[in-house]
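Comments concern the structure below.
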Amino acid sequence: LLQQYPDAIGGDYLLEFDIDSKHRVKLILLFGDVKDCLQRLEHYPLPSEAINTDSQTGLLVDAWFLDGFSPPKNPAMWQESLFSLIAKYSSSNTTVATFSVARQVRDQLSDNGFALQKIPGFASKRDMLTARYKAPAEKHNASANVRGRAENKSALAPCYYRFSSKHFYDR
């Protein structure tokens, strides 16, 4: 991760890790103002939008980490649109982690289908919040069909490789 981690410059970054021949991890880092990042994320295709094509599976997020201070310190981030967008790109059992345990964050995650758990925090944080998405049955079935394909090609908005000017979709 540290070898591939990008400089702190705004934009979308795709980091890929081949764990072994069967397991591959793709990490998308969105740096910048939350409103701009969310607008870019809105252009990523959903699995249900790409399900009938052979070359696209769309974006389906397995884990979210939200690092944006507390709602009073960063009200622009903790809008309802953030939580509905997270639910939109989540499948059954997608996880969320955040150091914010504010009532607003808990309520909005819960209202968007996440089961919550407050756990001990890290370093100086007393508590942190984790959550797991409980997708509706029809959404779960659609995402299972996408994940079950033999070849899993992604169709993402421009994600930049750390050491190249090549875009992810040009691969």
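Here are some notes:
- Flag for residue 62 being at pLDDT 80 or above, among the acidic types (Asp, Glu) and in contact with a strand residue (DSSP E or B) (Cβ under 7 Å, 6 or more places away or on another chain): yes
- Meets criteria (open to solvent by less than 70 Å² (accessible area, probe 1.4 Å) and at pLDDT 90 or above) for residue 146: no
- Pairs, first hydroxyl-bearing (Ser, Thr, Tyr) in the stretch 31-46, second open to solvent by less than 30 Å² (accessible area, probe 1.4 Å), C-beta under 6 Å, six or more apart: 44/59; 44/156; 44/157
- Residue pairs whose Cβ atoms lie under 8 Å apart, separated by 6 or more positions or on different chains, with the first residue in the stretch 73-84 and within 17 Å of residue 97 (Cα to Cα) and the second open to solvent by 70 Å² or more (accessible area, probe 1.4 Å), are 77/69; 78/104; 83/111.
- Residues of the stretch 1-53 that are modelled with pLDDT under 80, in a loop (DSSP other than H, G, I, E, B) and open to solvent by less than 60 Å² (accessible area, probe 1.4 Å): 44, 45, 46, 51, 53.
- Among residues of the stretch 1-26, those that are closer than 26 Å to residue 75 by Cα and touching a residue at least 24 places away in the same chain (Cβ under 8 Å), counted: 4
The values are calculated or read from the model by the stated rules, or taken from the named source; none is laboratory data. The model shown is predicted, which means the values in this text are computed figures rather than measured ones. Counting neighbours? That spans all protein chains shown, and the Cβs are built from the backbone with ideal geometry, glycine included. In case anyone asks, the SASA skips ligands and DNA or RNA and just uses the protein heavy atoms, side chains included. Shrake-Rupley method; radii C 1.70, N 1.55, O 1.52, S 1.80 Å.
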